[in-house]
Structure formats: structure tokens, C-alpha cells
Amino acid sequence: MSDLVQVRPLARALLMHALQVLPLLPSDPREESLRAIAGFLASPGASTFLCASRTLQAARRSQALGRLRATTGVNLFQSGLRALEGVAGMEHWIQSLRALPADAVTGRRMTELAQLLAVHEELASRAAASAREIRQRLARPPTGQAVALRLRRRAQGD
């Protein structure tokens, strides 16, 4: 009778834990948790209680992390799409990009692509400005000082 008295609080705690966790779980982790609970019922004791409790807790943690990863993936995907929408010339690609898997990897790649395109745009702008400046310099006739400097350099080279 004393063994039953000692097991009763463990059984009650395990039941409460199972009632909280089992409805949250998909079928595979639920079956594993039910097997651990069945192990406790077949042989009630501290070790089987700990095993069942740990199995329930691990299944709950795994389920929560899965939901968190999925949410994070969708958020990163949406962030990547927004970043690409802000890049000039990407308007016609956005619909195609929406068809990609909405996960964290795709979201990070889209964000990195947007950053690369922004850097490319900045470099292209700088190169165009430098090219304009060079064309303007070449189009201007040389000043008197520039001609004199060239003549001195030629004379020093000879």
C-alpha cells in the first residue's frame, strides 16, 4: 500500500503534464510520448516517471522550436521580398519570387541578393559619374598652364 501512496503523486503529475502536452503534438511525437506513459503505467516508479516526463518535455520543446522556426522562416522570407521590392528593376521578378519556399534560407538569400543589387547600383552610379567627369575633361581644350606643363615634361624626358 505504501508503494501505491508514493506512486499516486507521480501519476497525478504525469497525467497533468500529459493533458497539457499531448493535444499540442502531431501523431509521431504523440505516439512516442504515449509509449513512455504506458511504460510508467506498466511499471510505476521514479525512473519510469522521469522517462515519461522527459519524453513529454522533449516532444513539447521540439514542437515549439518547429513552430518558432516556421514563423521565423516566413518572417525572413517576407523581409527578403520587401528588400527586393525596393530594388529598381526587380518589379517583374517579385511574382516569381513569391512562389519560392517561404523559409529562412530563401529569405536570407533574397535579402543578400537585394544588398548585392544595391551595391551594384551604387558602383554603377559611381562609375558613370567618373566616366562623365573623364569625358568632360577630355572634351575641354587644354589651358595654357596644362600646355606648358606638358611641354616641360616632354623636354625633361628627352
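Between GLU31, GLU91, which is farther than 30 Å from HIS120 by Cβ, out of contact with any strand residue (DSSP E or B) (no Cβ under 9 Å at 6 or more places or on another chain) and acidic (Asp, Glu)? So that I can check it myself, show each step before the final result.
Values: GLU91 fails: farther than 30 Å from HIS120 by Cβ.
After ruling out the rest, the residue left standing is GLU31.
Of all residues in segment 1-35 being modelled with pLDDT under 90 and of a type in the set (Lys, Arg), which is nearest to SER53 (Cα to Cα)?
Ranking the qualifying residues of segment 1-35, first place goes to ARG30.
For segment 23-55, name all the residues that are outside any helix (DSSP H, G or I) and surrounded by 12 or more Cβ atoms within 10 Å (Cβ to Cβ).
LEU25, PRO44, GLY45
Output the qualifying pairs, or none if there are none: Cβ atoms under 9 angstrom, residues six or more apart or on different chains, first residue in segment 97-125 and more than 15 Å from LEU84 (Cβ to Cβ), second residue of a type in the set (Lys, Arg).
Hits for this filter: ASP103/ARG69; ALA104/ARG69.
For segment 56-69, which residues satisfy the criterion of being of a type in the set (S, T, N, Q) and either closer than 14 Å to GLN20 by Cβ or not in a helix (DSSP H, G or I) (or both)? Outline the logic, then answer.
Residues of segment 56-69 of a type in the set (S, T, N, Q): 57, 62-63.
Scanning segment 56-69 gives GLN57, GLN63.
Between a first residue in segment 7-22 that is within 14 Å of ALA36 (Cα to Cα) and a second residue that is β-branched (Val, Ile, Thr) and part of a helix (DSSP H, G or I), which pairs have beta carbons less than 7 Å apart while being 6 or more apart in sequence or on different chains?
Every condition considered, the pairs that remain are LEU14/ILE37; ALA18/ILE37.
Look through LEU116, LEU81 and report the one residue that is crowded, with 17+ Cβ neighbours inside 10 Å, aliphatic (A, V, I, L, M), on the phi < 0 side of the Ramachandran plot and modelled with pLDDT of 85 or more. Quick ask: steps written out before the conclusion?
On the way: LEU116 fails: crowded, with 17+ Cβ neighbours inside 10 Å.
One residue alone meets the criteria, LEU81.
If a residue must be more than 15 Å from the chain's Cα centre (by Cα) and of a type in the set (Gly, Ala, Ser), how many such residues does segment 62-94 contain? If you could, list the steps in order and put the result at the bottom.
Keep residues of segment 62-94 that are more than 15 Å from the chain's Cα centre (by Cα), which gives 62-64, 84-94.
In the following step, the residues that additionally are of a type in the set (Gly, Ala, Ser) were identified as 62, 64, 86, 88-89.
Residues in segment 62-94 being more than 15 Å from the chain's Cα centre (by Cα) and of a type in the set (Gly, Ala, Ser): 5 in total.
The values are calculated or read from the model by the stated rules, or taken from the named source; none is laboratory data. Since the structure is predicted, the reported quantities are computational estimates derived from the model, not experimental observations. As a convention, Cβ positions derive from the backbone with ideal geometry for all residues, glycine included, and neighbour counts pool all protein chains shown.
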